[in-house]
């Protein structure tokens, strides 16, 4: 059964491209547009990996990661944080919250795929 | 897949444009409240998101420029630089340039022209002065290749990986086995030994910690960084040692010494997996016993740099505390492609028609329970139709707020101080109407600023506040939307307009007109009263074009003015273009729909008039010449003439014409279905609709029919 | 209860159902531990749907604990998920149990 990945970002085009790349590699993808939306989607299908942006309206990525880690079904789920060079602080904060993997924006689809494949295979 | 990417790119373009619009609005707000962290946050996020998404598509030009803008914004955010007028202007210009970059992408294969490239250079230079000391990209430290300085070269051409992970990694969702699976995509795991030695006895063992160690013989053409990057996410607190192919024996010996497991056991393992031969191992261990100075630890490509990382983390956290988080407005939308909505509305239109058909059949069948059911269904279908049309309704606010920037820029250009006041921004109207109203509004706004509002001196002299005021207002009014553009300027000069009207032959010298009629003269073709043609107006596009555009949307425009107090232009538009109030007429067996708002009156043709029609194509309507368009002839409908004929008098842009038809079938509200491309050259028809009976009725293109009639009449009068 | 246990002919038969991952590791360990004092144990792995390093670790723990006291532990009915892990970590020989390699492996 294919592994399912939740992609959380407020940019629809980013989600679309990431989703195309991941689906192309054989993963299932669920999209969410912000932290709140993402939390609501965790209750549905079993999600094996989460990719989340930091800067988002409604609920930012850090808060979302903290909340997700509190859920028994997601306390060990790998989380990739989307950071930027100018936000080294966010990366550390994300790691403290439980997102131990990261990809620096802007990135190419192949880079995202590499990061994901290190953590789970489809 | 490439189709999908192309779709994603379209999403990116739409999204970037939206963000750029938000960015512009926020920047304008920033002028009045430069300290607002929320606004600054929103601007930063817009640039940030655009850069991030652009990177995914490999749009380097966008990424490169936006990166600089983001950088400056980041410094604004952490209060390293202060917002002032020049910076806002610079950011606005940068935003414009970003818009241009996005437009270039939208315009596939396009390129920035030289002027734009020049602008970019200039902007970069100006932005640079705000950038301060470049933080630089995250340094990627590539460790120098270790020069072989003697010693035996070991093993085959393979890498050796020695891995002792951070105990916590499993809890973080990182599984060593996943790393191995990934390694297999980079090369071949020739052999691997799993070392459970570190695992404590049952009672002390915590099943959620990782106790396993691994020694791996790995064959790969990948470079050191690529292999090392596999373990990027677990580097902290782990011991990851990677020895490149042909490493010195001494390096393996050093590895054995520093690993926690028993020396002999590790030595055996290295021999088993093929990293060393037994002889190399023995010689190496012996050499270690007699150190000759060349045993300094070497060959560790990647080691846990705990102390360094700790500092970075601390510094980062400190910085983090200064960064203020911003929240944004609740924004819960589903983005739907416009053509999907159009398709839905189209289908709903057909449903309405099919429902009407069912209704008709039910009535004919004379079955009361069937009639009841169909009428309930019709009601529901109508509700669905209204609901579907509402989906396409958007607030006019976004269109209005674009004018903030226009008013700001134009008032600077004109040297006038003008405030824009917006009200009714939440008033909704159909998206298709919104898209088409932008240009006429733009013209009216510019016109009001240029000609309406007086110069500061004149205003002072008239005892008015120096600052001029322009208002944009919208509200719903009996099934249509009214949009008002008002200024507090000098008002229209009634006498001048009348004089000009007479000069141009639009008005007879002795004609008596109401003020209203005189004001409306400015919407006539080629009418301009401005004494000086300024940079803004007088570029050939007159008020007549504005009016024509509005009428094309089935709207009306009128004007109120009070000398010395200002002018208000009021546009009325239908809420949607998808539904039309029509007047149904019949010729032979065909039905046609005339837009009701263009119908003036209906007259029945007398027998003598019908006879006269054979010789001339006009009618004497109460002493006025009314050119006629016999639809039967126009559409080449065959068949005998009906017993009676009627004339529907229609008006467009001040010109009247009479459409000659057989039957008048009454008012009728209908859903417009656009004609396919095939019919785009057809004259006199603007769309179609389906009647309850299932028959198609064509919607008449009144403007073109009126034009045609007027031309024919002109020819005749010239011939005479 | 992811572990079913029953004793037949002096052999303790255990069957593990579902995931052997970090999510279930702690629970599995506490259920598994009491059975490790049996003289002869067989663990049926046919119902293991997913396995990660923590699952492998538990099996190693069980093997090491039993052999240390001269007891016998057999793994049987390895599911594909288990086989994959044993294969990539090269641990089949460590357990020494016969493996049935399916043709599509």
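The values are calculated or read from the model by the stated rules, or taken from the named source; none is laboratory data. Remember, it's a predicted structure, so these values are computed and weren't measured experimentally. Every residue, glycine as well, gets a Cβ built from its backbone with ideal geometry; the counts of neighbours run over all protein chains shown.
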Point to revise | Looking only at region B:168-180, and only at residues there that are within 7 Å of chain A (Cβ to nearest Cβ) and not in a helix (DSSP H, G or I), the one that is nearest to residue B:215 (Cα to Cα) | key: B:174
**Study point:** For residue A:59: the one exception among (1) within 7 Å of chain B (Cβ to nearest Cβ); (2) touching a helix residue (DSSP H, G or I) at 6+ places or on another chain (Cβ under 6 Å)
**Key:** (1)
Review point. Taking into account only those residues within region C:1-39 that are touching a strand residue (DSSP E or B) at 6+ places or on another chain (Cβ under 7 Å) and in a helix (DSSP H, G or I), which is nearest to the other protein chains (Cβ to nearest Cβ)?
Key: C:28
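To keep it simple, each residue is scored yes or no on (1) surrounded by 17 or more Cβ atoms within 10 Å (Cβ to Cβ); (2) at pLDDT 50 or above.
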site: B:269; (1), (2): yes, yes
site: B:272; (1), (2): no, yes
site: B:293; (1), (2): no, no
site: B:311; (1), (2): no, no
site: B:325; (1), (2): no, no
site: B:337; (1), (2): no, yes
**Study point:** Filtered residue count, region B:689-720, keeping only those that are surrounded by 18 or more Cβ atoms within 10 Å (Cβ to Cβ), part of a strand (DSSP E or B) and modelled with pLDDT under 85
**Key:** 2
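Look through region C:67-94, keep the residues that are within 20 Å of residue C:40 (Cα to Cα) and in contact with a helix residue (DSSP H, G or I) (Cβ under 6 Å, 6 or more places away or on another chain), and return whichever of them is farthest from the other protein chains (Cβ to nearest Cβ). Working first, answer last.
Looking only at region C:67-94, we keep the residues that are within 20 Å of residue C:40 (Cα to Cα), and these are C:67-78, C:92-94.
Checking which are in contact with a helix residue (DSSP H, G or I) (Cβ under 6 Å, 6 or more places away or on another chain) leaves us with C:73, C:75, C:92.
Details: C:73: 13, C:75: 15, C:92: 11 Å.
Among those residues, the one meeting the criterion is C:75.
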Check your understanding: Among the residues of region C:75-95, is any in contact with a strand residue (DSSP E or B) (Cβ under 7 Å, 6 or more places away or on another chain), at negative phi and part of a strand (DSSP E or B)?
Key -> yes
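Name the one entry in B:70, B:18 that is within 11 Å of chain A (Cβ to nearest Cβ), in a helix (DSSP H, G or I) and without any contact (Cβ under 8 Å) to a residue 24 or more places away in the chain.
Working: B:70 fails: without any contact (Cβ under 8 Å) to a residue 24 or more places away in the chain.
Only one candidate passes the filter, namely B:18.
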Exercise for review: Check region B:234-242 and report whether any residue there is in contact with a strand residue (DSSP E or B) (Cβ under 9 Å, 6 or more places away or on another chain), farther than 29 Å from residue B:282 by Cβ, in a helix (DSSP H, G or I) and in contact (Cβ under 8 Å) with a residue 24 or more places away in the chain.
Suggested key: yes
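Quick check on region A:108-122: of everything there that is part of a helix (DSSP H, G or I) and more than 7 Å from chain B (Cβ to nearest Cβ), which residue is surrounded by the fewest Cβ atoms within 10 Å (Cβ to Cβ)?
First pass over region A:108-122, keeping only residues part of a helix (DSSP H, G or I): A:109-119.
Right, trim to more than 7 Å from chain B (Cβ to nearest Cβ) and you get A:110-116.
Values: A:110: 9, A:111: 15, A:112: 22, A:113: 17, A:114: 19, A:115: 22, A:116: 26.
For region A:108-122, the residue satisfying everything is A:110.
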Exercise for review: Would you check if residue B:247 is within 14 Å of chain A (Cβ to nearest Cβ) and crowded, with 21+ Cβ neighbours inside 10 Å?
Suggested key: no
Study note, to complete from the structure: Selection over region B:463-492 where residues are loosely packed, with under 13 Cβ neighbours inside 10 Å and touching a residue at least 60 places away in the same chain (Cβ under 8 Å) yields a count of 2
Practice item. Identify all residues within region B:181-208 that are over 16 Å from residue B:275 (Cα atoms), touching a residue at least 24 places away in the same chain (Cβ under 8 Å) and within 8 Å of chain C (Cβ to nearest Cβ); write none if there are none. Key: B:208
Review point. Here are some residues: B:146, B:83, B:105. Which one is surrounded by 14 or more Cβ atoms within 10 Å (Cβ to Cβ), over 23 Å from the mean Cα position of the chain (by Cα) and modelled with pLDDT of 70 or more?
Key: B:83
Review point. Would region B:362-371 turn up any residue that is free of Cβ contacts under 8 Å to residues at least 60 places away in the same chain, surrounded by 13 or more Cβ atoms within 10 Å (Cβ to Cβ) and within 30 Å of residue B:31 (Cα to Cα)?
Key: no
Exercise for review: Identify all residues within region C:15-35 that are surrounded by fewer than 20 Cβ atoms within 10 Å (Cβ to Cβ), closer than 17 Å to residue C:64 by Cβ and either in contact (Cβ under 8 Å) with a residue 40 or more places away in the chain or under 13 Å from the mean Cα position of the chain (by Cα) (or both); write none if there are none.
Suggested key: C:29, C:33, C:35
Practice item. Return the total of residues in region B:595-636 being in a loop (DSSP other than H, G, I, E, B) and either surrounded by fewer than 11 Cβ atoms within 10 Å (Cβ to Cβ) or over 47 Å from the mean Cα position of the chain (by Cα) (or both). Key: 10
Check your understanding: If a residue has to be closer than 14 Å to residue A:111 by Cβ and more than 7 Å from chain B (Cβ to nearest Cβ) to count, how many in region A:5-17 make the cut?
Key -> 0
Point to revise | Failed condition for residue B:410, given (1) closer than 14 Å to residue B:470 by Cα; (2) in contact with a strand residue (DSSP E or B) (Cβ under 6 Å, 6 or more places away or on another chain) | key: (2)
**Study point:** Test: residue in region B:407-425 that is over 22 Å from the mean Cα position of the chain (by Cα), surrounded by fewer than 20 Cβ atoms within 10 Å (Cβ to Cβ), part of a helix (DSSP H, G or I) and not assigned by TED's automatic domain parsing to the domain that holds residue B:460
**Key:** no
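Can you name the residue in region B:210-223 that is touching a helix residue (DSSP H, G or I) at 6+ places or on another chain (Cβ under 7 Å) and within 12 Å of chain C (Cβ to nearest Cβ) and is also farthest from residue C:34 (Cα to Cα) among such residues? If you could, list the steps in order and put the result at the bottom.
To start, the set of residues in region B:210-223 that are touching a helix residue (DSSP H, G or I) at 6+ places or on another chain (Cβ under 7 Å) comprises B:210-212, B:214-215, B:218, B:220, B:222.
Pick out the ones that are also within 12 Å of chain C (Cβ to nearest Cβ) and you get B:210-212, B:214-215.
Working: B:210: 22, B:211: 21, B:212: 23, B:214: 29, B:215: 32 Å.
The selected residue is B:215.
Might you let me know whether region B:224-234 holds any residue that is away from every other protein chain (no Cβ under 14 Å) and at pLDDT below 85? Full working, then the answer.
Going through region B:224-234, the residues away from every other protein chain (no Cβ under 14 Å) turn out to be B:224.
Imposing the further condition that a residue be at pLDDT below 85 reduces the set to B:224.
Within region B:224-234 (the criterion being away from every other protein chain (no Cβ under 14 Å) and at pLDDT below 85), the answer is yes, since at least one residue qualifies.
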